[in-house]
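The values are calculated or read from the model by the stated rules, or taken from the named source; none is laboratory data. All of these numbers come straight from a predicted model, not from anything done at the bench. We place every Cβ from the backbone using ideal geometry, glycine too, and count neighbours over all the protein chains shown.
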């Protein structure tokens, strides 16, 4: 049976997005809750990978990291001002519903 995506949000994703996903029974861990604010991007991606969590970010530096070929559990990326909180919750809920952890391995999903 395919395992559902679990998310790790970098520190720039609004807490309301995490709350909206939690209300929909989606597993989300934020950088704030994990005590990981201010750490370098490679460290954040390594943590997300070790935890088998898809990293959600607005930071294009994660796209550059992925382009180097570094192994990761998946990256969901969006432009910071493209979506409202509600739209981002809907998109991440949809992603959670259609892709699983294996699908997201070393994959970047542009939202």
| request: Mind telling me which of the residues 18, 50, 31 ends up being over 13 Å from the mean Cα position of the chain (by Cα) and at pLDDT 95 or above? | output: 50
| query | Looking at segment 55-72, which of its residues are touching a strand residue (DSSP E or B) at 6+ places or on another chain (Cβ under 9 Å), part of a helix (DSSP H, G or I) and loosely packed, with under 13 Cβ neighbours inside 10 Å? | reply | 67
| query | Can residue 12 be described as at pLDDT below 95 and in a loop (DSSP other than H, G, I, E, B)? | reply | yes
| remark: Filter segment 82-102 for residues that are surrounded by fewer than 14 Cβ atoms within 10 Å (Cβ to Cβ) and touching a residue at least 24 places away in the same chain (Cβ under 8 Å); the one that is nearest to residue 63 (Cα to Cα) is 82
| Complete set of residues in segment 11-20 that are out of contact with any helix residue (DSSP H, G or I) (no Cβ under 6 Å at 6 or more places or on another chain) and either touching a residue at least 24 places away in the same chain (Cβ under 8 Å) or surrounded by 19 or more Cβ atoms within 10 Å (Cβ to Cβ) (or both) | 11, 12, 13, 18
| request: State whether the residues of segment 78-97 include one that is out of contact with any helix residue (DSSP H, G or I) (no Cβ under 7 Å at 6 or more places or on another chain), over 19 Å from residue 23 (Cα atoms) and in a helix (DSSP H, G or I). | output: no
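Among the residues of segment 32-54, write down those that are in contact with a helix residue (DSSP H, G or I) (Cβ under 7 Å, 6 or more places away or on another chain), surrounded by 17 or more Cβ atoms within 10 Å (Cβ to Cβ) and assigned to a loop (DSSP other than H, G, I, E, B).
36
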